[in-house]
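Read-outs throughout are calculated quantities, based only on the coordinates presented, and are distinct from any laboratory measurement. Predicted model, so just to flag it, every value in this text is computed and none were measured. Note: ideal-geometry Cβ built from the backbone for every residue, glycine included; neighbour counts use all protein chains shown.
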Amino acid sequence: MQIVIIGSGVAGVSFAEKYRALSADDDITLVTWEDDGYYSRPLLSRGFTKTDIEQTIILKPFDKLRENNINVLCGAEVTAINRAGKSIALNGSWSHRFPTDCDTSAIPSSRQEKTLQYDKLILAQGSSAFIPPPFRPYEKLFFCLNSLVDLKALRKFRQGFLSQNRHPDWAIVGGGLIGCEVASDLAAAGDKVTLFHAMDRLMERQLAAEDSALLLKVLQDSGVKVLLNQAVQGFIKEENKVCVRTEVTAEFDGLIVACGFKPRTELAELAGLEIGRGIKVNQYLQTSDESIYALGDVAELPNGKLYAFILPIRNQALWLAEFLAGQKQDSWTPPVFTTKAKVHGFEAVHPYNV
Amino acid sequence: MPDYKKYQCGVCGHIYDEAEGDPDTGIAPGTLWEDIPDEWRCPECGAEKSEYDLMA
Ligand SMILES: Cc1cc2nc3c(=O)[nH]c(=O)nc-3n(C[C@H](O)[C@H](O)[C@H](O)COP(=O)(O)OP(=O)(O)OC[C@H]3O[C@@H](n4cnc5c(N)ncnc54)[C@H](O)[C@@H]3O)c2cc1C
Ligand SMILES: [Zn+2]
């Protein structure tokens, strides 16, 4: 059997390794546009206080997976799912081995196109940063922190200031989990940070009001300037600065938009799978096509929930591998889990709402 | 019978149970938290040992 997985995050990699351990005979191919290996996304928000982060964030190089007989095609973007022909189309500049039954129509450049057949397709495509519509025209003016590529770009930009012996002055738009974590880490690394939040308290979705107040105090004590109830209208480029427009206009060296995440549902939608906020799956993580499964940040369960945290995603991945290997019959049930904002010096008093 | 404790990773929620150890990363069952090398990292998210808290 040909198992094809799209995505090299915790969902795709955990599934691939577990399935390999349970089934020696099937072919497993994992396709990803990443090049750096399998890395820990939660550690992105510690990306400024840790100098060796670009190395230590890698949990497993792709060669480690290949040694384990998992065929990894990296630097390859999946561009279409062809359900009728049970294949996917890829485009990229990979250099690694292919399964022999893969149809190669080389084009004259380092970029190549291929199609890859599957018996079972696993969608583990994760999520990108959500950009509110009013900010979309300004995409060149701001950073996000959603992937290792984003972190590297941010670190490089920041290094430009440090090498001139100054710390950049940042604006962060969004006072949710990631916005607060990044604000905290940049402040701890010595930068000047202003955090804009639309609501009247921080992390209002996960925290009790009392904990939001505590978080506000911890961030302020660490030097972050927190502005609540801010309706950010857009951004303006001014020579070396970028301005944030609210009722007033303030200028900064760098800008980070952290307004939540968006499951990568586009390919599944084009292929005609059922989509809600994520790709809809049943209690067996099966999409509306019986040969296609989805898990991780991209999957929406029948209760309407997305389980976008490491612990439940690992649990889904291990369960799905056992299920497809014929070792489990019962459907997936979410494990008990909690989370914790990685804000330096902050401990919530009440449980988080996840 | 020693009184084994559990520790939880504050980044991803992974639980280290001293009774079970973590054989996949070379930590034998029964290994006490303080005996785990400082370079050891959370097997699920790569966070450092200092990110773990003792569970009540
Ligand atoms: C800054 C930050 C901090 C976080 N902190 C925590 C935390 O403390 N605790 C916690 O539990 N969770 C945390 N999370 C959430 C957690 O990281 C995610 O829920 C988890 O990483 C999602 O894993 P995934 O495998 O579903 O998706 P992803 O990690 O997004 O992986 C998806 C992969 O799919 C691939 N892909 C997608 N589409 C294509 C395509 N068309 N072609 C090729 N490849 C494709 C990409 O290579 C990508 O690597 C955090 C997230 C962020 C961004
Ligand atoms: Zn962890």
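If you go through the range A:30-52 and pick out every residue that is surrounded by 22 or more Cβ atoms within 10 Å (Cβ to Cβ) and more than 30 Å from residue A:344 (Cβ to Cβ), you end up with 3. Under the condition of being touching a Gly at 6+ places or on another chain (Cβ under 6 Å) and either closer than 19 Å to residue A:50 by Cα or among the basic types (Lys, Arg) (or both), the residues counted in the range A:163-213 number 4. Among residues of the range A:287-313 that are in a helix (DSSP H, G or I), those with a Cβ under 6 angstrom from a residue that is hydroxyl-bearing (Ser, Thr, Tyr) and within 13 Å of ligand 1 (Cβ to nearest atom), sequence gap 6+ or separate chain, pair up as A:297/A:127.
In the range A:220-241, is there at least one residue being under 21 Å from residue A:178 (Cα atoms) and assigned to a helix (DSSP H, G or I)? For the range A:220-241, residues under 21 Å from residue A:178 (Cα atoms) and assigned to a helix (DSSP H, G or I): present.
May I ask you to verify whether residue A:265 is closer than 29 Å to residue A:86 by Cβ and polar (S, T, N, Q)? Judged against the criteria, residue A:265 is a match.
Residues in the range A:286-319 that are aliphatic (A, V, I, L, M) and within 12 Å of ligand 1 (Cβ to nearest atom): A:294, A:295, A:298, A:299, A:306, A:308, A:310, A:311, A:313, A:317.
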